[in-house]
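Below is one structure, written out as C-alpha cells, with a few remarks after it.
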Amino acid sequence: MFSNKNEFKDSFLKRLEMSYGKKFAESTKRDQYQTLGNMVREHISSNWISTNEWNRASNNKQVYYLSIEFLLGRLLGQNLLNLGIREVVLEGFADLGIDLEEIEESEADAGLGNGGLGRLAACFLDSLASLNLPGHGLGIRYKHGLFDQKIVDGYQVELPEQWLRHGNVWEVRKPDQAIEIPFWGKIEHSHEDGKLEFRHVQSENIMAVPYDMPVIGYETSTVNTLRLWNAEPAPHPPHRDVLAYKRETEAVSEFLYPDDTHDEGKILRLKQQYFLVSASLQSIVRSYLKKNDTLHEFHKHVAIHVNDTHPVLAIPELMRILLDEEHMEWEEAWNITFNTISYTNHTTLSEALEKWPLHIFKPLLPRIYMIVEELNERFCKELWNRFPGDWNRIENMAIIAHGVVKMAHLAIVGSHSVNGVAKIHSDILKNREMKLFHQIYPQKFNNKTNGITHRRWLLKANPELTNLITETIGTDWITNPHLMIELKRHIYNPLLKEEFAAVKRKRKEILADIIEKKTGISVDKHSIFDVQVKRLHAYKRQLLNVLHIMYLYNRLKEDSNFTIYPRTFIFGAKASPGYYYAKKIIKLINSLADKVNSDPKVSKMMKVIFMENYRVSLAEHIFPATDVSEQISTASKEASGTGNMKFMMNGALTMGTLDGANIEILEEVGKENIFTFGLKADEVLNYYENGGYRSSEYYHHDLRIRQVVDQLTNGFFPDTEDEFEAIKDSLLYENDQYFVLRDFASYVDAQEQLEKAYKNQDKWLEKALLNIAHSGYFSSDRTIHEYADGIWDIQPIPVIH
Ligand code: 26M
C-alpha cells in the first residue's frame with residue numbers, strides 16, 4: 001500500500017472513492033485526511049496484532065503507565081514519520097496536487113493534558129514503542145481536552161475544546177472489553193468458612209468502555225497500545241431518574257480538569273481518578289488471568305506506574321482485587337501490591353499535593369476507603385514500633401490525618417519506587433519535602449531526569465535541522481540520540497555554522513509568517529526571538545520577563561543614545577480559568593504588547609507578541625524558530641521543565657535560573673553556553689524558612705524596579721488604572737513570594753550578557769550547535785532506558801518480521 005508512490009496513489013484514490021462515493025476532484029480535505037488515516041491504521045494493524053500476540057503468548061513483563069493526562073498532539077504526521085512512509089505519501093500527494101502538510105494540519109490536536117506532566121506521558125509512549133519495550137498507556141478519553149484559548153480585548157476567554165468533532169481515525173472501540181465500576185452504596189460483610197467476605201451493595205455503576213489507540217514505534221514493528229476509557233451508562237441503571245443517571249455518568253469522561261497545579265477537591269475529579277484506576281486494574285488483571293491461573297506472581301510479570309498521585313488509588317484497588325476477588329491474605333496481597341507499583345512525583349508545590357476530604361472519599365468509594373484505613377492503621381503501628389511515643393512524627397506521616405487522605409503518603413507507602421524528575425527535584429524530595437519518608441524508606445527514592453522524544457521535537461518539528469545533523473554526522477544518532485555529541489567535533493566548521501544559521505533564519509521566517517497571519521503584527525525576522533511558552537503560573541515568573549521588557553522600554557524612551565539589538569519577545573500561555581492572578585498576567589502581557597508595538601520608535605527595536613492557544617501543534621512551530629529560551633522559575637519550584645530541553649535541541653540558548661533540569665543543561669553544556677542568574681534553590685528555601693525577604697527594600701532602593709512597579713498602576717497602560725493592582729500588591733504587600741524583585745537586577749545583567757553574546761554571531765552559532773550536540777542526553781529514550789532498568793525491570797521484545 002505504501003511501498004511506492006504509484007501503488008500508494010492507486011490505493012488512496014480507490015479508497016477515497018469507495019468510502020465517500022465521489023470522485024477525487026470532488027473530495028474535501030477532510031475526506032483526504034480520513035482516507036489516509038484509515039490507510040495508515042490498516043497498514044499497521046498486522047504489527048499491532050502481532051505485538052499484542054507476542055505479549056500475550058510470552059510471559060515477559062509488561063509495564064502499564066497510568067496517567068490522568070496524555071498530551072499527544074497531532075498523530076498523522078508522526079505516525080507517517082515513524083513508519084518511514086512519509087516521503088512516499090508526500091510524493092504521491094504532490095502528484096495529486098495535495099499539500100500533505102496542509103492535510104496534517106487539518107487534524108485536531110489530541111490535547112488530553114494540561115502541560116508538562118501530560119506531554120511527558122506522550123513522549124514516554126513514543127520512546128517505549130521505539131525501544132521495543134512492552135509498555136502501554138492507560139488514560140481517560142475526555143470528550144473535551146484542555147480548553148481552547150481566545151484572547152478578547154487582552155483577556156483570556158475559554159472555549160470547550162472539540163477534538164472528537166469529526167471523529168478520531170486512530171481509535172478502536174472495544175465494547176466487549178468494557179468494565180463495570182461501582183460508586184457509592186455500602187459494604188456488607190459476612191463470614192464464609194471462617195473468612196471475612198465483603199460485598200459492595202446498592203452501588204451506582206458506570207461502564208468503562210475502552211478505546212484503543214496504536215502507539216507506533218520509530219522504524220520498528222512494535223505497535224503498543226494507549227487505552228483510553230470512555231464513561232457510559234451501565235446496562236442496569238439505578239432505580240432513579242434515568243436521564244440524570246445518564247448525564248452524571250457521561251460527565252465522568254467529559255472534561256479534562258484545566259488546572260495544572262491546584263488541588264480543587266471536586267467529587268467529579270475523584271470519580272475520574274477511580275474510574276481510570278479501577279477500569280485499568282480490572283482489565284490488566286483480567287488479561288493476566290487469561291494466561292496465568294493465579295495472581296501470586298503478578299508483580300513478576302506486571303509493573304504499574306502511577307504518573308503523579310492522580311492514579312494512586314491503584315494501590316488500594318489492587319489490594320481490593322487481591323483480597324476480595326482472589327481471597328489472598330493481607331500480607332501477601334500487600335507484598336504483591338507494593339512490588340507492582342511505582343510512583344513519580346512532579347511537584348513540591350504544597351498547593352498541588354492532593355488531599356481528599358473523608359466526607360467525599362468515604363461515601364463515594366466505601367470499600368477502597370476501608371482498605372486505605374487499614375493501610376493507615378498498619379503503617380502508623382509500624383511507625384509507633386520504630387519511633388515509640390513520637391506522636392508528632394506519626395501525625396505528620398499518616399496517610400489519613402485531620403479529615404483528609406494524603407495521596408502522596410499513600411503513594412510512597414504503597415510503592416517500591418518513588419522518583420523525582422530532575423536531580424535537584426529528587427534531592428529536595430529526599431532532604432526536605434519527603435525527608436521523614438526518606439528516613440524510613442531510603443531505598444525507594446531515586447531520580448529519573450525527564451526527557452523529550454527527539455522524534456517529535458526534532459525530526460518532525462525541525463526537518464531542516466534534522467537533515468543538517470545527518471549531513472554532518474550520518475544517521476546513527478537518530479536511533480542512538482546520545483551520538484548527537486559527535487556534532488561537537490564540527491561546531492567550529494564555518495560551513496556548518498552558516499548552514500545552521502540558514503536553518504534558523506528559515507524557521508524564524510516561517511514563525512514570523514504565522515505570527516503575522518494570526519495577529520496582524522509583522523516582526524523583524526532578523527531580531528532575536530526570545531520566547532517564554534508554558535502554562536501561566538506565578539512561580540514560572542512570566543512577570544519577571546514582563547518587568548524586564550518594561551525596563552527596556554523605559555530606557556529606550558528616556559535615553560535617545562540607548563539602543564538594543566532588535567528583539568521579539570514571544571509569549572504563549574494558558575491560565576487556569578479560576579486562577580485570578582494568572583489571568584491578570586495575560587492581560588498585562590497583552591497591554592504591554594499594545595504599548596510597545598504601537599510606539600513608532602520603540603517598536604523598531606522590539607515587539608511583544610502573545611500567541612493565543614498555545615498547544616503541542618503550535619509549539620512545533622515555535623521551538624525551531626527560537627534563539628533564546630526563557631526558563632526563569634523561582635529556583636526550587638520547577639521540578640524539571642521539559643520545554644527547556646525542546647528549545648536546546650533546536651539550537652536555542654537558555655536564559656535560566658538554577659532550577660529543575662536547567663541545572664543539568666548547564667552541567668552538559670558548561671557555563672559559557674548558557675545564561676544563568678538569580679537566587680539558588682537553597683537560598684530560596686532558606687529565605688522561606690526564615691520568613692521570606694523584604695521586597696519593599698528592593699522597590700525603594702532600585703529606581704528601575706520602582707519605575708516599572710509604579711507603572712503597573714499609574715496610567716502607563718491606558719484605561720487600565722485598577723487592572724494590575726493585584727499584581728503590584730503581590731510584589732509589595734504580599735512580600736513577593738516568588739522573588740521577582742529579588743532576582744530583577746540579576747536578570748537584567750544576564751540579559752545584557754546575552755545581548756552581547758548574540759552580537760558575536762559567529763560565537764553564538766557555536767554555542768547553539770554545542771547545545772544541540774549535548775541535547776541527546778535529554779532524549780526520553782535515555783529516560784525510558786533508566787525507568788526500564790532501574791524501576792520496571794522490563795526487557796525489549798524481539799522485533800517481529
Ligand atoms: C490536580 C488536581 C486537579 C486538577 C488538576 C491537577 C493537576 C494536573 C496536572 C495537578 C498537576 C498537574 O501537573 C503538574 C505538572 O505538570 N508538573 C510538571 O511536570 C513536568 C513533567 O515532569 C515537569 O517538567 C514540570 O516541572 C512540572 O511542573
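None of the figures in this text is laboratory data; all of them are computed from the coordinates on show. Only a predicted model underlies this, so the values are computations on that prediction, with no experimental measurement involved. Cβ: placed from backbone, ideal geometry, glycine included. Neighbour counts: every protein chain shown.
Here MET207 passes the criteria (1) within 12 Å of the ligand (Cβ to nearest atom); (2) out of contact with any Ser or Thr (no Cβ under 7 Å at 6 or more places or on another chain); (3) outside any helix (DSSP H, G or I); (4) not acidic (Asp, Glu) except the one numbered (1).
Comparison of ASP263, ASP259 shows that the only residue that is charged (D, E, K, R), closer than 23 Å to PRO366 by Cβ, in contact (Cβ under 8 Å) with a residue 24 or more places away in the chain and not in a strand (DSSP E or B) is ASP263. Residues in the stretch 109-135 that are more than 16 Å from the ligand (Cβ to nearest atom), over 28 Å from GLN32 (Cα atoms) and either buried (at least 22 other Cβ atoms within 10 Å of the Cβ) or among the β-branched types (Val, Ile, Thr) (or both): LEU128, LEU133, PRO134, GLY135.
Quick one: is SER576 among the small types (Gly, Ala, Ser) and assigned to a loop (DSSP other than H, G, I, E, B)? Answer is yes for this residue. If I filter the stretch 9-28 for residues that are outside any loop (DSSP other than H, G, I, E, B), in contact with a helix residue (DSSP H, G or I) (Cβ under 6 Å, 6 or more places away or on another chain) and within 16 Å of the ligand (Cβ to nearest atom), do I get at least one hit? No, the stretch 9-28 contains no residue that is outside any loop (DSSP other than H, G, I, E, B), in contact with a helix residue (DSSP H, G or I) (Cβ under 6 Å, 6 or more places away or on another chain) and within 16 Å of the ligand (Cβ to nearest atom). Note on the stretch 635-669: residues that are more than 12 Å from the ligand (Cβ to nearest atom) and in a loop (DSSP other than H, G, I, E, B) total 6.
Counting only helices (runs of 4 or more DSSP H) that fall entirely inside the stretch 701-801 and contain at least 2 residues that are aromatic (Phe, Trp, Tyr), the qualifying elements are 740-759. So for the stretch 135-142 (the condition being under 29 Å from TYR218 (Cα atoms), touching a residue at least 60 places away in the same chain (Cβ under 8 Å) and hydrophobic (A, V, I, L, M, F, W, C)), does at least one residue qualify? Yes, the conditions are met somewhere in the stretch 135-142. Output yes when any residue across the stretch 284-302 is in contact (Cβ under 8 Å) with a residue 40 or more places away in the chain and either of a type in the set (Asp, Glu) or within 16 Å of the ligand (Cβ to nearest atom) (or both), and no when none is. For the stretch 284-302, residues in contact (Cβ under 8 Å) with a residue 40 or more places away in the chain and either of a type in the set (Asp, Glu) or within 16 Å of the ligand (Cβ to nearest atom) (or both): absent. The combined condition, being of a type in the set (Lys, Arg) and in contact with a strand residue (DSSP E or B) (Cβ under 7 Å, 6 or more places away or on another chain), is fulfilled by ARG227. Counting only helices (runs of 4 or more DSSP H) that sit completely within the stretch 361-413, those holding 3 or more residues that are closer than 19 Å to ILE341 by Cβ and without any contact (Cβ under 8 Å) to a residue 40 or more places away in the chain correspond to 366-386. Of everything in the stretch 236-272 that is in contact with a Pro (Cβ under 9 Å, 6 or more places away or on another chain) and within 9 Å of the ligand (Cβ to nearest atom), the residue that is nearest to GLU158 (Cα to Cα) is PRO258.
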